[in-house]
1. Quick check on my filter: what residues within the range A:29-61 are within 12 Å of chain B (Cβ to nearest Cβ) and more than 22 Å from residue A:96 (Cα to Cα)?
2. Kindly indicate whether residue B:21 is within 14 Å of chain A (Cβ to nearest Cβ), within 27 Å of residue A:51 (Cα to Cα), in contact with a strand residue (DSSP E or B) (Cβ under 7 Å, 6 or more places away or on another chain) and assigned to a strand (DSSP E or B).
3. Given the range A:65-112, what strands (runs of 3 or more DSSP E) lie entirely inside it while holding 2 or more residues that are within 11 Å of chain B (Cβ to nearest Cβ) and touching a strand residue (DSSP E or B) at 6+ places or on another chain (Cβ under 7 Å)?
4. Among the residues of the range B:96-112, write down those that are within 9 Å of chain A (Cβ to nearest Cβ) and at pLDDT 90 or above.
5. Would you confirm whether any residue within the range B:79-87 is part of a strand (DSSP E or B), more than 14 Å from chain A (Cβ to nearest Cβ) and touching a strand residue (DSSP E or B) at 6+ places or on another chain (Cβ under 6 Å)?
6. Within the range B:24-57, take every residue that is within 11 Å of chain A (Cβ to nearest Cβ) and more than 14 Å from the chain's Cα centre (by Cα) and give me the one that is nearest to residue A:92 (Cα to Cα).
7. Return yes when residue A:86 is within 10 Å of the chain's Cα centre (by Cα) and in contact (Cβ under 8 Å) with a residue 12 or more places away in the chain and no when it is not.
8. From the list A:33, A:46, A:76, pick out the single residue that is free of Cβ contacts under 8 Å to residues at least 40 places away in the same chain and within 30 Å of residue B:108 (Cα to Cα).
């Protein structure tokens with residue numbers, strides 16, 4: 001079974017409008033959850049992480065994500081998209097069942113239209 | 001800190017040749033990871049080390065792949081012999097924890 005699922009392979013928004021990138025996980029335990037961003041020809045950069053503290057996590061560049069255990073979700077949001085946000089975003093989960101190794105989702109490509 | 005440093009950034013080689021990818025982790029990190037990224041398979045963990053010792057190599061695709069970490073500041077991933085299906089971006093990452101990773105810029109490998 002897929003341990004982490006990103007529900008959209010592509011998301012397109014207009015500059016200045018909200019961003020929502022969806023991520024669900026599958027686990028019997030409380031996971032650690034991460035969002036990474038990858039700009040073209042670059043490595044992955046950590047945006048934010050959840051490790052069983054506050055369920056609303058704030059990250060860099062105005063992004064935030066909320067851990068919802070009842071929905072097994074960790075969606076990434078930003079109130080207002082900038083052109084520079086165009087990139088690929090990866091949700092990742094660290095699960096006890098997998099030796100706490102990071103398992104990455106398939107990625108969501110965010111396009112920002114002017 | 002300069003972050004995780006990988007070399008080369010790009011490598012083009014002929015099928016059958018040996019390829020060696022290099023990585024310098026962030027100083028003080030005791031975990032080092034090698035990942036492979038392809039369009040078809042996404043981001044896959046190949047192997048990781050803790051304190052220079054290989055802990056989990058279950059993601060290494062086959063015996064043609066090997067990885068070493070002779071000291072805390074250097075690791076290599078070797079493919080011998082290389083095949084066109086090995087073409088991918090290979091990332092090295094390091095961390096204080098198995099449950100987190102700080103990535104290098106990657107090495108884009110093309111095997112022709």
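The values are calculated or read from the model by the stated rules, or taken from the named source; none is laboratory data. Fair warning: this is a prediction, and the values are worked out from it, not measured in the lab. Here the Cβ positions follow ideal geometry from the backbone for every residue, glycine too, while neighbour counts run over all protein chains shown.
1. Residues satisfying the conditions are A:37, A:38, A:39, A:40, A:41, A:42, A:43, A:44, A:45.
2. Taking the combined requirement at face value, the residue does not satisfy it.
3. A:87-94, A:102-104
4. Across the range B:96-112, the qualifying residues are B:101, B:102, B:103, B:104, B:105, B:106, B:108.
5. Going residue by residue through the range B:79-87, those that are part of a strand (DSSP E or B) are B:79.
Filter once more, keeping what is more than 14 Å from chain A (Cβ to nearest Cβ): B:79.
From what is left, the residues that are touching a strand residue (DSSP E or B) at 6+ places or on another chain (Cβ under 6 Å) are B:79.
Checking the range B:79-87: at least one residue is part of a strand (DSSP E or B), more than 14 Å from chain A (Cβ to nearest Cβ) and touching a strand residue (DSSP E or B) at 6+ places or on another chain (Cβ under 6 Å).
6. Selected residue: B:42.
7. Details: within 10 Å of the chain's Cα centre (by Cα): no; in contact (Cβ under 8 Å) with a residue 12 or more places away in the chain: yes.
Answer is no for this residue.
8. After applying the criteria, what remains is A:46.
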